[in-house]
Structures are given as structure tokens and as C-alpha cells.
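First up is the structure itself, then whatever we jot down about it.
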Amino acid sequence: MESLRQHQADKLEDFLKFGEAYTGQGLNQERGFQRPGDTRWESYFKTLDNLMVLFPSIVNVLKDMKRDCPYHLDRFAAGNLLSQIQEFGFIFMLHLMFKVLLFTYELNKALQKKDQDIVNVMRMLDLAKKRLQMMRETEWNSLLDEVCSFCSKYDILIPKMDEDYTLGKSKRKRSEVTYLHHFRVEVFYTVIDLEFQEFNDRFDVVTTDLLLGMASLNSVDSFANFDKDRIMKLADYYPSEFGDNKLRELGFQLNSFIIYAQKCDSRFLNLKGIKDFARVMIVTKLDLTWLLIYLLVKLTLLIPVATARVEKAFSSIKYIKNDLRNRMDDDFLNDCLVCYIERKIFKTISNDAIIDRFQSMKTRRGQL
């Protein structure tokens, strides 16, 4: 890391000398490698972004390590890594994954905000899907041009795309299987399709309807996101509570209630969320007037319970991953979080039992 930092400083000095960079507040910020982790979703994008920007510096540092490292294994590891990152296949995957993560970057940030705007989050999800679909249909050539331009800039060998490509261990060349075709079928489309599958698994139709229905009942900004159709679709997922007759009555109640809340009763203005909405309905005793609406509000308040454990884990990170432990890897972080979150259970286990457990896991030189 020190060598990488020094190389960036030397490179910036050369740029300033030849007028290729300018000084000023906020300019020429030093870049480093952010450790990617499951608890920081946008970190993967930032890691790849820094890798592309720092690529020449990384190559030079690895060359220095290959030449100057005192240990043979370190020199071998540096040389092996250097040869891998200077291959066309690596550069292709780097640019492909960078573009895929770029399309989901804003969505990841929106999902990790403390104050969720569910409607906007779902719109960001739809935007990410549309951009991925456009990339799948029309952006293969532009991606390949970017990769070839990057390779030309840093003297990386570009294979001839129209040459025959040997598939697997077979020595027989197949004219229809070219290098270009191999990448299109096996890599480009596969990565994008996997990303679509990830979206569909995490945001299926039921989850989307529940989230949008919940957002449509939100009282923020005087029910600015109110949408009767989405609310009715939310009620459809509770058939034991809302039969056909009750669904029809709920539709009538929603028509009257939204006019009352926005124009007739100032107590429903400037509410901060659905919890305040439920509280005001009880205080005003309107839960007895619009009984079905209040029932749906109560059911909606139960939906976030499913994510409470995840939110609890995120809030615990600030206690576990402090300044002194900032460089711990993800496995160690996950283990520490389990111990912290389930501390009531761990308090019932004696230290001797834990020591005996670890002692029996494998043969050790000393007694714990």
C-alpha cells in the first residue's frame, strides 16, 4: 500500500509538471482499495472503480514486488498476479462487472438508507432492470470497444476475434466457435441473466406488491403516495381477513378516507409514518369508523418484522467494527456479530465449555 501511494504521488507530480492535472480544493484525491464486504453493498463497485483508475500504478507496484521482494514465494505470487491482470479476459470481466454494478449502484445506496422511500426504491429497481436489458440488447459492441481501448492504452494483447477458437481440450477447431462468440454466449449474457435472476429472487411479485401497498398507505406528506389500486392489491394477500364483500367495502372506505385525511382533519397532516397514522386513528377513534382501513394498517405494521433481524445486525456493526477493528475480514466480522446479537444465549455458556469445544476441534500444540 505504501508503494501504491508513492506511485500515485509520483504520477500526479508528473501530470502537474506537464499540465495534465490541476490543483485545487477537492481535486486529485488519493485513491486506495476499499475492502469489499456484504455489509457495504456499494463497496464492490468502488473497488472495481479504483482498480480501473489505479491499474497502471498496480502494474508498476507488482513489477517492483516481483523484482525486489526478499522471499521467493512473494516474488512468485506477485509475478503470477501480474500476468493474470494483464490478460484480455481479466480486463473484459473487469469492465463487464463494473458496468453491471454501475447500473445497480444507486439502487444499493437507496436500499441502505435509514429513511426508506419505498416507491422511489422500486422505481430505482425498475430503472436498474431496464438498463441491464438495454445493455444485453444493444451495448455489446460499446463494451468491447471500451475493453479494447483500455488494453491498447496499457499494452495488453488483444486476441483476434475472427480467429478459430479451440473449445475445451479438443484439438479440433470449429469455425463457428470464435473467440467473440464464446464471450458473447458464455460470459456477457450469463452475467446479465444472473443479475436479473438475483433481482427476481429478492424482489418477486409478492414482495413488490407488499412494499408498494405499504408505501401507498404511508401518511408522509399528507398521503402523497396514496394509491388505491396498490392498497387493494395489498389487501388481496390477506384472504382470511378480506373476503369479496369486505374488499368491496374497503374500496368505498378508501375513497372517503383519503378526502377526509387530506382536506377535513388537520391531525392527519405532517405525520412521520404509518405508526403515527395508526396512533392518530386510535386517538380520534376513527379506527371504529373506518374499521377495515385500520385493520389493513395493523397488518401493514407487521410486515417490517421480517426485516427486524437484518436491521438489528446492521445497527450492531457500529459496536463491533470500530476504529481498532476496522481491518477485520468478513468471516471474523460475521462471527463477532453472531456473538454480539445472541449475547443472551452466550452468557448462559461457561468459558470452560467454550475452551473445551475449541480444544477438541483439532490437535493443538498447547493446552488452551
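The values are calculated or read from the model by the stated rules, or taken from the named source; none is laboratory data. Just so it is clear, the structure is predicted and the values come from calculations on it, not from any experiment. Here the Cβ positions follow ideal geometry from the backbone for every residue, glycine too, while neighbour counts run over all protein chains shown. Only protein heavy atoms, including side chains, enter the accessible area calculation; ligands, DNA and RNA are left aside. Shrake-Rupley method; radii C 1.70, N 1.55, O 1.52, S 1.80 Å.
Of all the listed residues (Arg230, Arg248), the sole one being at pLDDT 80 or above, touching a Gly at 6+ places or on another chain (Cβ under 6 Å), part of a helix (DSSP H, G or I) and open to solvent by 50 Å² or more (accessible area, probe 1.4 Å) is Arg230.
The single condition among (1) at pLDDT 70 or above; (2) surrounded by 13 or more Cβ atoms within 10 Å (Cβ to Cβ); (3) out of contact with any Asp or Glu (no Cβ under 8 Å at 6 or more places or on another chain) that Thr284 does not satisfy is (3). When residues in the stretch 233-245 are screened for being surrounded by 13 or more Cβ atoms within 10 Å (Cβ to Cβ) and part of a helix (DSSP H, G or I), 3 of them pass.
Within the stretch 1-19, residues that are surrounded by 12 or more Cβ atoms within 10 Å (Cβ to Cβ) and assigned to a loop (DSSP other than H, G, I, E, B) reach no partner that is at pLDDT below 70 and not aromatic (Phe, Trp, Tyr) with beta carbons closer than 7 Å at six or more positions or on different chains. Against the condition open to solvent by 80 Å² or more (accessible area, probe 1.4 Å) and at pLDDT 85 or above, how does Lys318 come out, does it pass? It is false that Lys318 is open to solvent by 80 Å² or more (accessible area, probe 1.4 Å) and at pLDDT 85 or above.
The numbered conditions (1) open to solvent by 70 Å² or more (accessible area, probe 1.4 Å); (2) modelled with pLDDT under 70 are all true for Val185 except (1). Scan the stretch 287-302 for residues that are modelled with pLDDT under 85 and open to solvent by 40 Å² or more (accessible area, probe 1.4 Å) and jot them down. Matches in the stretch 287-302: Leu301, Leu302.
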